[in-house]
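J.: The structure that follows is given in the form of structure tokens.
Just so it is clear, none of the values below were taken in a lab; they were calculated from the coordinates. Only a predicted model underlies this, so the values are computations on that prediction, with no experimental measurement involved. For neighbour counting, all protein chains shown are included, and Cβ atoms are generated from backbone atoms with ideal geometry for every residue, glycine included.
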């Protein structure tokens, strides 16, 4: 713009110089018109310079407004994105801690076989140590067998005696049956036949006593009834084993399961057969299983009678309701390598409804999770056929 103004000024000056050369009088003495023309040209130069400076300052102002608009838009988008992420995070957190079927209140359970001798006697031999694994039928300890060996020999001798007595009476009865009614009365014949029958019954009784003595002798070797680990072994050689009193406990390794104590608000999202994952404290790999059964009864403190047989009713807060926890039995399907099963360990149990998830799209999975979450919040209908009822 400045260059254009200068070009026009130079053209005007050249025109005035040409006029001055063509007119000698004017060259000698400038007239009034020359002063007026020079004044106009100077004013034009000043106005052109002001226009150029205003254009030069207006262009950066426009660029500044555009950048401020972009920054304002970016701030709005960032605020909206943060709000969306916060809402999604709040929903996921609520779903995880309030609606999802999971619990930290889980524990590993097992059946324990309490071994008690079926006879009484002093322990003469102990064949196991604490925490030893034993198979079903292995000998745990031996009770002094001498008394039972003597009893067995005595019963066998008594049996032989009774067998001989029975044979004699049977022969007597047989001879009486061969005699005629003139040589033997009917009454005598019946007496001998009755003696033979009684002798047969005594033989049978003695035979049962021998059998019992043989069993008692075998019972001097106390054997394991299950496969498992001997635990808390306190019995020692020389201890007296009393009949029916447990002195060895064996953990049945074939009976492990997991109990998950779920809140009653989450039972509507549980189904028998659902896949379950149980993660033990200190181990990252979860134990895989499935929901086997649901406990159908929990003790109610209000049902216990108090003094004078009156009902014992606990006071509650009307604005706070604690959800009852119900035991759910988890059958174990797979144990990761290196993860030991120890009864009493704490487990975090999570229920996975993985039957149809493989065929669902991501949108369908998210929609199903949202529906289940809000169904649990607002008391929706449970999944049909989850917990079977007796017909």
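J.: Testing the spin-label approximation: label points 7 Å from Cα along Cα→Cβ at residue 160 and residue 67. State their distance in nm.
T.: Spacing of the two 7 Å Cα→Cβ label points: 12.2 nm.
J.: Would you give the gap between the C-alpha center of segment 336-352 and the C-alpha center of segment 159-176, rounded to a whole Å?
T.: Result: 69 Å between the Cα centres.
J.: Another question, then. Taking only C-alpha pairs under 8 Å that are 6+ residues apart, what is the relative contact order of segment 150-259 in percent?
T.: This gives 27 percent for segment 150-259.
J.: Let me ask something additional. Within 10 Å, count the other beta carbons around each residue, average over each peptide in 133-140, 299-306, and list them highest first.
T.: Ranking the peptides 133-140, 299-306 by packing returns 133-140, 299-306.
J.: Take every Cα pair under 8 Å in segment 100-184 that's 6+ residues apart, average their separations, divide by the length, and report that relative contact order as a whole percent.
T.: Rounded, it is 20 percent for segment 100-184.
J.: Something else about it: Is segment 159-268 best put as rounded, prolate or oblate by its Cα gyration tensor, with a ≥ b ≥ c the root eigenvalues, rounded for a/c under 1.5, and otherwise prolate when a/b is larger than b/c, oblate when not?
T.: prolate
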